[in-house]
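Visitor: Structure below; questions to follow.
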Amino acid sequence: MLLIALAMCPVASADNGSSTPIVFNYKPKTPIDGIHRPHRVPGNIHLSLEVFYDAVFKRLVCEDFQSQNYVYMILDENECIVSEGYLDFDNNDCKYISLDTLESGNYTLLVIHNGYEFVGTFVID
């Protein structure tokens, strides 16, 4: 199965120095009373999505071999949505999100899966 993954997403799997993994953190929902309390990821939630920033081709390389589906949003430094879409991995393949229209800066990738939100950051130089 690993050989299949390498053939489908060579940029993400190869260590060529041009791809950087995006680490996701669970984003708890804002409480009604406005007071934030410590949260843990619910035990039944597992994000099988892997995302890498590919600086050479200026894109995000997304992999999920559990055939899950996700909604995503890319936010700029002002928390404005600059890109959004749907990632459908029903065919166990690799998805690419082009970043060609984005300027240099810090960005947040927000991923929604089964009603839970996860965030990761990346930098475009």
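No lab work stands behind these numbers, since they all come straight from the coordinates. Model, not experiment: these values are computed from the prediction. Here the Cβ positions follow ideal geometry from the backbone for every residue, glycine too, while neighbour counts run over all protein chains shown.
Visitor: What is the gain in length, in nm to one decimal, between residue 71 and residue 20 on full extension, counting 0.36 nm per residue of separation less the C-alpha to C-alpha distance?
Guide: Length gained between residue 71 and residue 20: 16.3 nm.
Visitor: Before anything else, pin down the relative contact order of the range 41-124: Cα pairs under 8 Å, at least 6 apart, normalised by residue count, whole percent.
Guide: The value is 28 percent.
Visitor: Could you work out, for the range 58-125, what percent of all Cα-Cα pairs fall into each 5 Å distance bin, beginning at 0 Å and stopping at the bin that holds the largest distance?
Guide: Once binned at 5 Å, the Cα pair distances of the range 58-125 give 4, 16, 29, 26, 16, 8, 2.
Visitor: If you don't mind, another one. With label points built 7 Å along Cα→Cβ from the Cα atoms of residue 102 and residue 80, find their separation and express it in nm.
Guide: Between residue 102 and residue 80, the simple spin-label model gives 1.5 nm.
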